[in-house]
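S.K.: Got a structure here, written out as structure tokens. Questions coming.
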Amino acid sequence: MKYVPRLVLFLAVPALLISLPWWTLVAAPTQGTGSLFWLGSALAALTFCCLPAAMYLGHGHAQSDAASIVGDTLLGVMWVVFSWSVFGNLARLGLAVAGVDDPARSRIVAAGVFAASAALVVWGVVEARRVPRVRTVEVSIPGLGPALDGLRLVVVTDTHFAALDRLRWSERVVEVVNAQRPDIACHAGDLADGSVAKRHAQVDPLGKVEAELGRFYITGNHEYFGDAPGWIDHMSSLGWQPLRNQHVTVRRGDDQLVIAGIDDPTGVGLTGHGPDLPTALAGADPDAPVVLLAHQPRQIIDAVAAGVALQISGHTHGGQIWPFHYLVRLEQPVVAGLSRHGDTQLYTSRGTGFWGPQLRVFAPSEITVLVLRPQ
């Protein structure tokens, strides 16, 4: 019986995502009759059966790659269609006020929702699968020594290597990263979904990233949904230094900068894992500014208390599929970009890859170049 509420929620979400589009695109414009009504209703019923089944087979114990591709794609498409069905039905009210009667009103809305959804799905797939654009941001760091002025810190995060084979994409990302001439390279978590054995080929090109002062990696929440210790070891084998509640001091001339990293909060469920910022900063020079890698923006609270100069996070994907960012904002203090929290700055990347649905709508991916400047 304890699984009943979870099962109800698991079925209620697809039911909601499908029922409103069904009414908007099928029932209302056909007035519940005719071959188009029955064909559309059958398609809606099939989608309702396939979506939860594919998500369960793809992300449950079976870990079927084929099922996850089907389920994730359906989820993304239905979110887009659901969202624009909401907007379409708001427009319906305007048409009613303007005196447009049914069935013309419903057919205008259905045509608009279908066209907008189809265009955004196609565009979203292209945006998700493209090599990310480079976003360069200058960040003023109090106490940064002159020898470190202009330090280039290149950030990738949320690559989410998964069922879709993105080996060539991974290789091209590395080419772009190296073209930025990073002094320091960082991966801020959510490296891959799945085991090292299944995904390492897509991750291995990261071993070719070149950064004079170091390559640093932290865990995200998705590592803890799979094999976090395995991914930590694998990144070490590729020459990246995992920062698990620890720091490294990088130097140029007489000046120094502390690069610290903490585990994702999801790690508390695994013995010996979980964020511990005091431990990460133990022994660090108190006069050296601190750049902290912390996967989730909400970890900024502890960073502010510890006097961190800059926190770098990912996790949000910038919402990934608009308007999902409004829901993300309920959990995280920031969705994307550079923000200030007390004396601490936070840079939240929209992510380099995508999770689940191969769609990005009004939330483009990025490879970030943070250029550090003295303040």
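The values are calculated or read from the model by the stated rules, or taken from the named source; none is laboratory data. No experiment lies behind these values; they were computed from the predicted model shown. Cβ sites come from the backbone with ideal geometry, for glycine too, and all protein chains shown count toward neighbours. Side chains are part of the model used for accessible areas, which takes the heavy atoms of the whole protein and leaves out ligands, DNA and RNA. Shrake-Rupley method; radii C 1.70, N 1.55, O 1.52, S 1.80 Å.
S.K.: Report yes if some residue within region 328-335 is touching a Ser or Thr at 6+ places or on another chain (Cβ under 6 Å) and in contact (Cβ under 8 Å) with a residue 60 or more places away in the chain; otherwise report no.
M.R.: no
S.K.: So, Ala110, is that one more than 30 Å from Gly342 (Cα to Cα), in contact with a helix residue (DSSP H, G or I) (Cβ under 7 Å, 6 or more places away or on another chain) and outside any strand (DSSP E or B) or not?
M.R.: yes
S.K.: Here's a follow-up. Considering only region 118-138, I want to know if a residue exists there that is modelled with pLDDT of 95 or more, under 30 Å from Val258 (Cβ atoms) and assigned to a loop (DSSP other than H, G, I, E, B).
M.R.: Looking through region 118-138, at least one residue is modelled with pLDDT of 95 or more, under 30 Å from Val258 (Cβ atoms) and assigned to a loop (DSSP other than H, G, I, E, B).
S.K.: OK, next. So the check is Cβ under 6 Å with 6+ separation or different chains; which pairs have a first residue in region 107-121 that's open to solvent by less than 60 Å² (accessible area, probe 1.4 Å) and a second one that's polar (S, T, N, Q)?
M.R.: Short answer, once both residue conditions are applied: Val113/Thr24; Val113/Ser85.
S.K.: If you don't mind, there's one more thing I want to ask. When you check Val291 against the structure, is it over 25 Å from Trp169 (Cα atoms), assigned to a loop (DSSP other than H, G, I, E, B) and among the hydrophobic types (A, V, I, L, M, F, W, C), yes or no?
M.R.: Against the criterion (over 25 Å from Trp169 (Cα atoms), assigned to a loop (DSSP other than H, G, I, E, B) and among the hydrophobic types (A, V, I, L, M, F, W, C)), Val291 does not qualify.
S.K.: Considering Phe225, Phe216, which residue is surrounded by fewer than 24 Cβ atoms within 10 Å (Cβ to Cβ) and aromatic (Phe, Trp, Tyr)?
M.R.: Phe225
S.K.: Quick one: which of Trp84, Trp79 is under 27 Å from Asp101 (Cα atoms) and open to solvent by 40 Å² or more (accessible area, probe 1.4 Å)?
M.R.: Trp84
S.K.: Tell me which residues, restricted to region 204-213, are under 23 Å from Ser68 (Cβ atoms) and surrounded by fewer than 21 Cβ atoms within 10 Å (Cβ to Cβ).
M.R.: Asp204, Pro205
Conditions tested, residue by residue: (1) open to solvent by less than 50 Å² (accessible area, probe 1.4 Å); (2) in a helix (DSSP H, G or I); (3) more than 21 Å from Val369 (Cα to Cα); (4) modelled with pLDDT under 95.
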| residue | (1), (2), (3), (4) |
| --- | --- |
| Asp263 | yes, no, yes, no |
| Val268 | no, yes, yes, yes |
| Gly274 | yes, no, yes, no |
| Ala280 | yes, yes, yes, no |
| Ile301 | no, yes, yes, no |
| Gln311 | yes, no, no, no |
| Pro323 | yes, no, yes, no |
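S.K.: Follow-up question, since we're still on this one. Aliphatic (A, V, I, L, M), open to solvent by 30 Å² or more (accessible area, probe 1.4 Å) and farther than 20 Å from His317 by Cβ, is that true of Leu153?
M.R.: Criteria not met by Leu153.
Residue-by-condition table, conditions (1) open to solvent by 10 Å² or more (accessible area, probe 1.4 Å); (2) closer than 25 Å to Leu191 by Cβ:
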{"site": "Gly283", "(1), (2)": "yes, no"}
{"site": "Pro286", "(1), (2)": "yes, no"}
{"site": "Ala294", "(1), (2)": "no, yes"}
{"site": "Leu330", "(1), (2)": "yes, no"}
{"site": "Ser349", "(1), (2)": "no, yes"}
{"site": "Trp355", "(1), (2)": "yes, yes"}
{"site": "Val361", "(1), (2)": "no, yes"}
{"site": "Thr368", "(1), (2)": "no, yes"}
{"site": "Pro374", "(1), (2)": "yes, no"}
